[in-house]
1. What's the number of the condition Glu430 fails, among (1) crowded, with 21+ Cβ neighbours inside 10 Å; (2) over 35 Å from the mean Cα position of the chain (by Cα)?
2. If a residue must be among the aliphatic types (A, V, I, L, M), assigned to a loop (DSSP other than H, G, I, E, B) and over 26 Å from Ala466 (Cβ atoms), how many such residues does the range 345-377 contain?
3. So His244 fits all but one of (1) assigned to a helix (DSSP H, G or I); (2) out of contact with any helix residue (DSSP H, G or I) (no Cβ under 6 Å at 6 or more places or on another chain); (3) not small (Gly, Ala, Ser); what number is the exception?
4. Can you name the residue in the range 568-581 that is assigned to a helix (DSSP H, G or I) and not basic (Lys, Arg) and, of all such residues, is nearest to the chain's Cα centre (by Cα)?
5. Scan (1) touching a residue at least 40 places away in the same chain (Cβ under 8 Å); (2) out of contact with any helix residue (DSSP H, G or I) (no Cβ under 9 Å at 6 or more places or on another chain); (3) closer than 29 Å to Ala780 by Cα for the single condition Asp52 breaks and write down its number.
6. Identify the residue in the range 709-721 that is of a type in the set (A, V, I, L, M, F, W, C) and in contact with a Gly (Cβ under 6 Å, 6 or more places away or on another chain) and, among all such residues, is modelled with the lowest pLDDT.
7. Can you list the strands (runs of 3 or more DSSP E) found entirely within the range 438-506 that contain at least 1 residues being among the hydroxyl-bearing types (Ser, Thr, Tyr), modelled with pLDDT of 80 or more and more than 22 Å from the chain's Cα centre (by Cα)?
8. Could you count how many residues in the range 286-300 are touching a residue at least 12 places away in the same chain (Cβ under 8 Å) and assigned to a strand (DSSP E or B)?
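The values are calculated or read from the model by the stated rules, or taken from the named source; none is laboratory data. Small disclaimer: the values here were computed from a predicted structure and weren't measured. Cβ sites come from the backbone with ideal geometry, for glycine too, and all protein chains shown count toward neighbours. Just so you know, the surface numbers come from the protein's heavy atoms only, side chains and all, with ligands and any DNA or RNA stripped out. Shrake-Rupley method; radii C 1.70, N 1.55, O 1.52, S 1.80 Å.
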Amino acid sequence: MSAILSLPVKGMNCVSCVGRVEKAVGKLSGVAGVSINLASGRVMVTPSADADVKMPAAVVAAISAAGYTPLVEPLRLKLTGLRCAGCVGRVEKALRAVPGVIDVKISQATGTALIDAADVAEADLIAAVTAAGYGAAPVVAEDATAPSGRASGGAREPVIGEGARAALALLLAAPLLLPMLGGPVLPVWAQLLLGSLVQFGLGWPFYAGAWNAVRHGAANMDVLVVLGTLAGWGLSGWMALTAHEGHAPHLYYEASATIVAMLLLGRWLEARAKRKTGAAIEALMELRPQVARVRRDGVEVTLPIAELRRGDVALVRAGEQVPVDGSILEGATHLDESMITGESLPVAKGVGAAVTGGSMNLDGFIAVTAGALGADSTLFRIIRMVEEAGAAKAPIQRIVDKVSAVFVPVILILALLTLTGWLLAGAGVEAAMINAVSVLVIACPCALGLATPTALMVGTGAAARAGILIRDAEALERARDIGVVAFDKTGTLTEGRPAIAVVQPVTGMDKDTVLRLAAALQAASLHPLAQAVRDAMPDVTAAGAIRALPGLGVEGTLDGRVLLLGNGRLMAERGVDVASLDTVARGLTARGHSLSWLAADGRVLGLIAFGDKVKQTAPAAIARLKALGVRTIMLTGDNAGAAAAAAAALGVDEVLAELLPQDKGQALARLKAGGRVVAMVGDGINDAPALAAADIGIAMGTGTDIAMRAAGITLMRGDPALVADAIAVSRRTVTKIRQNLFWAFIYNLVGVPLAMAGLLNPMLAGAAMAASSVCVVGNALLLRGWRAGR
């Protein structure tokens, strides 16, 4: 890299801010110098001679980690003309060369470029792609959440047209193959006519692609196809012109025509299969309503989604989709959120409950106050995360990129060596040319280029359907090797809200009376413990003269008695003797429960113990992780008693209690020192440092945005069973990637030498080339059958 990176940054207000940003950026590898203009809020970074393409993204990450906001805009382009991994590399290189571009991810499977940039016009990006010899078009704003193949801003591959083109090519090539089946040999002029129609008419897209590559100083798969088939066609013409009178020449029009027809068929099948790799995104897109009924100034109006504003009240009847993220202002219902969270059961929602755009309203009328819109909506973030994961490069892809960069030139050299070698061996021009053609048409860079992105797109899409969002390819590959999972306790393995664990009355008193009197005192309290009491005893008469006692509890009167509800200190201050329940209380405290004592007229009536209930699915989730060979550890800031009680119920292997947020990070560092890949699962703001410190962070979607931003994997519902599912789907996906790469490499490593040795017919070589890409995509599509819980 040589261009200076100029980056607008929000939040720099003083000289100390400048110093912090300079320090954060200046220590990065690949940075030669940093200058900051505080007045304009702009950071200028001069790259060093050894800076690589990842330096701009590292600068953005460093500024964000320092507490400031780089103003980076996500842009999307629909690309055309991508034929192989080499094409992807050339477009990526061209886009990264545009000043202001921070990061580029390109998916060959969907033909989409996802670009993070600062102060870059779309026109400049499109011009860079065009200069590289490919097509690009912006994805318009209203389709920003559309999957790349459907966005109106891009030119979709004409799948139907390719199918018709392939069928016609096969139809015209069929008569040329009749002699192989014992049929009549067509006259030379008929062979020339049919072969030329297929070669230059129906095969024209190959010529267009090859010319586009060559005039920009590159070589792609189309170049190999054109050289190979044109050589066969030209050889046939030469043989016909130089044939002795009365001697039937050996022509190869059937070979060149069949190769073109088979490649067109393969390209059509590949296009169809690639469209299926985005099925998960297509399904998510189907969730987005196009219009919403909105109440404005007391009048109900129907508006396009794009015209909604934050704070608008959307009206949703039973059987309709919720149009926007927000909260329920009026009404109650059950929502089907299965396509977003993976939860199959309807979820009850009432006034104040958060709802997600795209979920289905099942049985009641609700009015929803619009919150997040457009790019900030949950649906958009899910779609973008799935697309980015599919476009991101897994670490294993770096090997493929290096091979793809030299693949076509190497094949051209090998074909030339084949031609020369056979000529020197005395085989004659005809045999030498046919063997060289076989080398050109069997080599397939497409299979190499599709091996990783197709599996990533299908795997991350299947995970998204189950409520698992994988941020990028590196997170997916790391998740495969997880050996230790560290869980935060509260809200992750437990419900995260207090519930009554034990009600212990004194002799002569019953549990219901203790609960009823406690609920009477707590009728108007907002304290979490009060809510737990009301949940257990909902319909009670409220006590009178209720008075909160800060740090102690609450008092009031009911039926002429003075009631007290609070901690042990309140009982001691009011002289209430609790000795009769002292032994029980000590045992409950040792197990980590919080206690509230109930007294009337100075005499203890009983105690209520509260605990954080273990999630119903958590023990089975822990057991499943153990079955996968994963060690489980619980990290918590709770006291040792509460942690030990939860651990016993869950069956985790180890417990570390009474930890501060920074202590969790240190604990994870010790675990990582053991050499195993460590994952951290959490949901709160205090978990964010630990999520970032782990090899891979897994955030519960029920938690905070800060935790989700720090994580590599987000679980869209608070079910710890999804942790094992995330590991399982990552293992399946990485296995598919490796299978695809193995077959793509083996295909070329075996096929090319066979062709050079003269052991491969050109028609068979062409069919094998077409089949290789289809097989790779088809193998990736098998991931669509993955289901959570398996």
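1. Condition not satisfied by Glu430: (1).
2. Quick first cut of the range 345-377, residues among the aliphatic types (A, V, I, L, M) only: 345, 347-348, 351, 353-355, 360, 362, 366-368, 370, 372-373, 375.
Of the ones still in play, those that are also assigned to a loop (DSSP other than H, G, I, E, B) are 345, 351, 353, 362, 372-373.
From what is left, the residues that are over 26 Å from Ala466 (Cβ atoms) are 351, 373.
Count: 2.
3. So His244 meets the others, but not (1).
4. Kept after step one, since they are assigned to a helix (DSSP H, G or I), are these residues of the range 568-581: 568-573, 579-581.
Adding the requirement that they be not basic (Lys, Arg) leaves 568, 570-573, 579-581.
Working: Gly568: 50, Leu570: 53, Met571: 55, Ala572: 56, Glu573: 57, Ala579: 58, Ser580: 58, Leu581: 54 Å.
For the range 568-581, the residue satisfying everything is Gly568.
5. The one condition Asp52 does not meet is (3).
6. My answer is Ala710.
7. 494-505
8. 7
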